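Beneath this line is the structure, given in structure tokens, with notes to follow.
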Amino acid sequence: MARRVPGKNGGSIVLREKGDPVLPGAGRPKKLPDSAEKLFEEFMLDVKEGESRTAIERMVMMLRKKAVAGDLKAMEMILDRIYGKPKQDVNVTKTERQIIIIGGQRIEF
């Protein structure tokens, strides 16, 4: 529990003990955001009796349906997972010469 102590210049100082919250509600949330929790619940509720598909398998099936319907982002995601993202070459050319002088010795590169 935090307690107030008189300060040197007439004010007061709040001394906090270990575990006292500095600001109410500060810090990382304890659970999933509502949107993620609702999405997870929706996937879990969609299971029919006797069906053994996991939520991940159902997501893959939904992604496949979107790709077949023409969703370019879904197609890109599937191809990236199967074949990997294409390598991106970066061409770095150095046109400037740098000169460093250390202890009277001139070094160029």
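The values are calculated or read from the model by the stated rules, or taken from the named source; none is laboratory data. Please read these numbers as outputs of a predicted model, since none were measured by experiment. For neighbour counting, all protein chains shown are included, and Cβ atoms are generated from backbone atoms with ideal geometry for every residue, glycine included.
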Checking Arg58, Arg106, Arg53 in turn, the sole residue that is at pLDDT 80 or above and over 22 Å from the mean Cα position of the chain (by Cα) turns out to be Arg106
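Check whether at least one residue in region 27-34 is assigned to a helix (DSSP H, G or I) and either at pLDDT 65 or above or under 23 Å from the mean Cα position of the chain (by Cα) (or both), and report yes or no.
Keep residues of region 27-34 that are assigned to a helix (DSSP H, G or I), which gives 34.
When the remaining residues are screened for being either at pLDDT 65 or above or under 23 Å from the mean Cα position of the chain (by Cα) (or both), the result is 34.
The answer is yes; a qualifying residue exists.
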Within region 79-98, does at least one residue satisfy the condition of being surrounded by 10 or more Cβ atoms within 10 Å (Cβ to Cβ), assigned to a helix (DSSP H, G or I) and among the hydrophobic types (A, V, I, L, M, F, W, C)? yes
Could you tell me whether any residue of region 11-25 is modelled with pLDDT under 70 and surrounded by 11 or more Cβ atoms within 10 Å (Cβ to Cβ)? no
